[in-house]
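Novice: The structure is given below, and queries will be raised subsequently.
The values are calculated or read from the model by the stated rules, or taken from the named source; none is laboratory data. On a predicted model such as this, the values are computed, not experimentally measured, just so you know. Neighbour counts run over all protein chains shown; Cβ positions are idealised from the backbone, glycine included. Heavy atoms of the whole protein, side chains included, go into the accessibility calculation; ligands, DNA and RNA do not. Shrake-Rupley method; radii C 1.70, N 1.55, O 1.52, S 1.80 Å.
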Amino acid sequence: DAWRIILIAWLIFPYVMILTLLGKVSFGRALLKTLVVYYRSYRFFQCNSADVFVTIRDNGCSAALYSAFHASGGRYFCAVQNGLRFGIEGIGFSCFDHLFANTKRSVEVYQMVGGQIEAYDIVPTLSLDQYLGESTAINDIDIDILFIDQGFPVNGLEMWLPANTGKDVLRFLDQVKKFALNNKELNIVYLMRRYEDDLGYIRSAIGEWAKGTGIILCHPHSSYQSYHTVAKSRLVVTMDSTLGVEALSLGRDALFFNLKDDKILEICAAPYQHRLNDYQYFEKTLNNALLYGIQKNKKIIDYYAPP
């Protein structure tokens, strides 16, 4: 398998270079990762043949895995997951790998590529549904603002961020830090992702970023702990995390700073969704939400994040 990967990588190298130069985007790492995933998956399914493969993945079930399964003789591939979906068709063998639609746009994406859908409903994530079933009451609020970690662009993490979003995340983080320094009387918490031990340098970088700002760092150990923290917050602020939508379904106000140019990352709508403009707009929007609350749009909340 290793030799096959090396051989194919050399054969397609000229085409990758041409695409890189024309698109001014590096495809090398993504292509190599695709080859590795494909051959590993293909070998796995050769040794563990199956007609049907069912998996639950969080925001990343690759087209290479899908293709390897079918190439090895598999018949039906079913992947259930949550997460943002974008209106792009992708490359050949691309798999729209979720069955739980998060927005109406995700349903339209299915239809755009030939999916036959007779009926659908927008549903919450599996873990949130379980949390709502087991939680007996919403916690008392003791957090003024909860900022959601959208990935922390330090060396080694850029490969996990969607293309061209690293600068946006840094801009968001700069405004969060400035807001915290200017509003130290508020109880501000930064909810980190669950970085594994090999990503400890990211936790260290976040610690350095928050030093002296008064921001409290929260390290969740489970989805339930994240929901528990959200339930204790007066206002949740994110760029495009689905946890923000789930915050709405928990009855909490949420702001999404994810508008860029004329492109909308469809995760919510007005009055929750905003453009990541200058700091003055950021601070004014947060203060207004804290002081007056957000005008409730029950129809929007129920549509995007039903209880």
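Novice: Is region 176-190 home to any residue that is surrounded by fewer than 19 Cβ atoms within 10 Å (Cβ to Cβ) and closer than 17 Å to P153 by Cβ?
Specialist: Checked against the condition, which is being surrounded by fewer than 19 Cβ atoms within 10 Å (Cβ to Cβ) and closer than 17 Å to P153 by Cβ, region 176-190 yields at least one hit.
Novice: From S241, S233, S226, S204, which residue is surrounded by fewer than 16 Cβ atoms within 10 Å (Cβ to Cβ) and of a type in the set (S, T, Y)?
Specialist: On the way: S241 fails: surrounded by fewer than 16 Cβ atoms within 10 Å (Cβ to Cβ); S233 fails: surrounded by fewer than 16 Cβ atoms within 10 Å (Cβ to Cβ); S226 fails: surrounded by fewer than 16 Cβ atoms within 10 Å (Cβ to Cβ).
Of S241, S233, S226, S204, the one residue that is surrounded by fewer than 16 Cβ atoms within 10 Å (Cβ to Cβ) and of a type in the set (S, T, Y) is S204.
Novice: Also, I was wondering about something else. Do we find a residue being open to solvent by less than 20 Å² (accessible area, probe 1.4 Å), among the β-branched types (V, I, T) and at pLDDT 80 or above anywhere in region 257-273?
Specialist: There is no residue in region 257-273 that is open to solvent by less than 20 Å² (accessible area, probe 1.4 Å), among the β-branched types (V, I, T) and at pLDDT 80 or above.
Novice: Within region 207-219, can you find the residues that are under 19 Å from D144 (Cβ atoms) and open to solvent by less than 30 Å² (accessible area, probe 1.4 Å)? So that I can check it myself, show each step before the final result.
Specialist: Initially, region 207-219 is screened for residues under 19 Å from D144 (Cβ atoms), giving 210, 212-218.
Passing the criteria: A210, T213, I215, C218.
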